[in-house]
Amino acid sequence: MLSRESEFEAVADELKINWKTMREKAGPYPPQAFEFVRGGLAHTVELVHGERAAREATEDESRHVSGQQLCFGLKDFAVKQYGMLARTVLERWGVQGTEDFGRIVFAMIDAGLMRKTDEDSMDDFRSVYDFDEAFAALALPSELRH
């Protein structure tokens, strides 16, 4: 099993980024949170623009999604990836709300890993949905909890 430091280095090498700078901008999110957002962006582009557009778009073509669309896509991606544990996994990474997605996204934009339009801002990620409500349907029924 890789140490936490080794995980940071492995992801940083793969993404070709300065991990220290990225974490200073976004906050103390682990590498898995950045990988999740990157994968969730591809998932959201496919949901919004279709599978073909997500697969075939070139650098010049717009596959833009709004902050709100990305937040909903990330929720869907989390549920598909982690099922009932989606919220638990996100919280383990320090992701408590949609604003955290925004911090990660804008750190990735600053690092050149994502692009934005002039209209995009952190405000697009503020209170898009409440995590308690968004993931409530996935919670164990009260009869099954201790």
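The values are calculated or read from the model by the stated rules, or taken from the named source; none is laboratory data. Given the structure is predicted, the values throughout are model-derived calculations rather than measurements. Cβ atoms come from the backbone with ideal geometry, glycine included; neighbour counts cover every protein chain shown.
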**OP:** Starting from residues that are of a type in the set (Asp, Glu) and part of a helix (DSSP H, G or I), keep the ones in the stretch 103-129 and report whichever is farthest from Arg38 (Cα to Cα).
**Re:** Asp123
**OP:** Look at Asp100 and say whether it is acidic (Asp, Glu), over 26 Å from Lys20 (Cβ atoms) and either modelled with pLDDT of 95 or more or assigned to a loop (DSSP other than H, G, I, E, B) (or both).
**Re:** no
Original post:
Hey, among the residues in the stretch 92-111 that are free of Cβ contacts under 8 Å to residues at least 40 places away in the same chain and either out of contact with any helix residue (DSSP H, G or I) (no Cβ under 7 Å at 6 or more places or on another chain) or small (Gly, Ala, Ser) (or both), which one's surrounded by the fewest Cβ atoms within 10 Å (Cβ to Cβ)?
Top reply: Arg92
**OP:** Starting from residues that are touching a residue at least 40 places away in the same chain (Cβ under 8 Å) and under 23 Å from Val45 (Cβ atoms), keep the ones in the stretch 75-88 and report whichever is surrounded by the fewest Cβ atoms within 10 Å (Cβ to Cβ).
**Re:** Gly83
